[in-house]
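Okay, structure first, notes after.
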Amino acid sequence: MSNPIRWAWMIGGLIFLVSTSPTILAGPATDVPLPNFVIIFMDDMGYADIGPFGAEGYETPNIDRMAREGRIFTDFYVSQAVCSASRASLMTGCYNVRVGIFGALGPGAQIGLNPTEVTLAEIVKQKGYATSCIGKWHLGHHPKFLPLNHGFDEYFGLPYSNDMWPYHPTAGKSFPNLPLMEGGRVIDPEVTHEDQNMLTTWYTEHAVSFIKRNKDRPFFLYLAHSMVHVPLHVSDKFRGKTQRGLFGDVMMEVDWSVGQILDTLRELDLASQTLVIFTSDNGPWLSYGDHAGSAKPLREGKGTMFDGGCRVSCVMWQPGTVPAGTVCREPVMTIDILPTIAHRINAQLPPHKIDGKNIWPLIVGEPGAKSPHEALYFYWGDALHAVRMGKWKLHFPHDYQTLGGRPGGKGGMPVPYETAHIGLALFDMEKDPGETQDVAAEHPDIVAQIEKLADAMRKELGDSARKMKPQAARPVGRLEEGDPRFHWKPGQPLDVEASYP
């Protein structure tokens, strides 16, 4: 075998040697192919929106098969129950508070993921992977923040949420037209309802094409569906197919998409060397009622740090490596995916601090494997709302949005939330996953233990609820003088290419 070509690659002052060879040494004189990675990331999909977690009114046969052949994670979390914040954590292996990304960035945002952060794509680039981002990015829409400047070779999709357009039911006047992008250019400056009907199909076609074009080298595919975020759209081939209505139709099309990807991996004989992760960015947007999913049996939904907002269904699949038909109940988070992939391919971790841990022993079902986290921390904005330690979850006093038992909206129109308050409250998540029975009075020792952990995290990442500033957070990326940018304003034509100020 000839020597692989190598080149130097620098991040934050560290130099990595990058190889074009698709192998790693697994032992003396033994070459083992590098594994491929596919992350399918849903938008606003509820905990109970797929068959293995209790979906009703429609079927998800491909995801069901994926679960039978793989492993489901029942206690899988995102860092914050909102779009951009959640995606920042997946991409960087950090709590979003650490990297300065909050909320959902819109067309007027002048910020994005800092170029100094190291993404999943940049991790695998150390080993010469082909990388593709397809779908919703939502970590900044100006060129310096887009996927091509964060380690991805290809990008096709929407730069932010599909409701950020003039047809938004309550805030349309605030948004310009919705752009569809490829690479760093706008290829469709005015996405229509007809275009949105085709998004899942187009994303899937691009994903399958990427896999086929890179079947002979290691690849990383990040497929971030725009669905099932409202407004819901579905192609004609699935319209009107389910008892659940439009939402069920959309979920069936997503399931079809999963099937297309898994079938392609099987046809190319890549299934056994590809880890596929299917999960969501947060829970359901309950105010949209029949156009939203279900978080049952969990409490609340998107926009809260109750488990209905931040605990998501997750299925992992790699035949022959991930044990078939198994369940992991250990609490882990999307921040753990980056260090796990780095471990799997023997890549260098980022030079700065990350919060995720290697969960490979849990993925492969090693006997006695436990969560590597002493605790998981749940911020809403920059306020620490809750901490989970083992089976316990402690909420600190905070206000939250709720429907208060009222039904959500119909036909794509939301109903307003009301504000409620929770005091200091402890829940046993094994006995009470719905967070209904406060047992703080019965377990003061557990409360004290978690509060001690929370205090240590507050010193590091701050807590606006206690007027504490972060000491170890890094700055968000910002547009600087001379940076090219898109000028998108309501009522004005979109730029097809970015221009200099």
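Taken together, the values in this text are just the output of simple stated rules run on the coordinates, not laboratory data. Remember, it's a predicted structure, so these values are computed and weren't measured experimentally. All Cβ positions, even for glycine, are placed from backbone atoms using ideal geometry, and neighbour counts span all protein chains on display.
Summary of computed values
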| item | result |
| --- | --- |
| Estimated inter-spin distance, MET198 and ASP236, nm [label 7 Å along Cα→Cβ] | 1.2 nm |
| Anchor LYS241: aspartates and glutamates whose Cα lies under 19 Å away (excluding residues fewer than 8 positions away in-chain) | ASP49, GLU56, GLU59, ASP64, GLU194, ASP249, GLU253, ASP255, ASP290 |
| Dipole axis of the chain (+1 Lys, Arg; -1 Asp, Glu on Cβ), positive-most option in HIS193, THR279, ILE50 | THR279 |
| Two-decimal log10 I(q)/I(0) for region 407-501, as the Debye equation yields it once each C-alpha is a single scatterer, q = 0.14, 0.17 Å⁻¹ | -0.91, -0.97 |
| The chain - share of DSSP beta bridges that are antiparallel (%, nearest 5) | 65 percent |
| Residues of type lysines that LYS370 reaches as a straight line, Cα spacing below 21 Å, ignoring anything fewer than 8 places off in the same chain | LYS357, LYS391, LYS393, LYS431 |
| Nearest-20 debye value, the chain charge dipole, Cβ charges on Lys, Arg, Asp, Glu | 780 debye |
| Alpha carbon centroid spacing (whole Å) that separates region 105-137 from region 243-260 | 27 Å |
| Distance violations [Cα-Cα > 25 Å] among LYS296/LYS467; LYS173/LYS296; LYS127/LYS212; LYS127/LYS215; LYS127/LYS353; LYS302/LYS452 | LYS296/LYS467; LYS173/LYS296; LYS302/LYS452 |
| Calculated FRET value between ALA420 and GLU267, using beta carbons and R₀ = 51 Å, to 0.05 | 0.50 |
| Per-peptide average of other Cβ atoms within 10 Å, ordering 335-344, 476-485 highest first | 335-344, 476-485 |
| Region 179-308, dipole about Cα centre (Lys/Arg Cβ +1, Asp/Glu Cβ -1), debye to the nearest 20 | 300 debye |
| Burial ranking of peptide ranges 392-400, 210-218, 355-363, 224-232 (average Cβ count within 10 Å, highest at the top) | 224-232, 355-363, 392-400, 210-218 |
| Projected label distance in nm at THR116 and ASP438, using a 7 Å step from Cα toward the beta-carbon | 4.2 nm |
| Segment VAL496-VAL327, length gained on full extension (0.36 nm per residue, minus Cα span) | 56.2 nm |
| Read-out semi-axes √(5λ) of the Cα gyration tensor in Å, derived from the coordinates shown; its label in (i) 38, 30, 19; (ii) 37, 34, 23; (iii) 31, 28, 25 | (iii) |
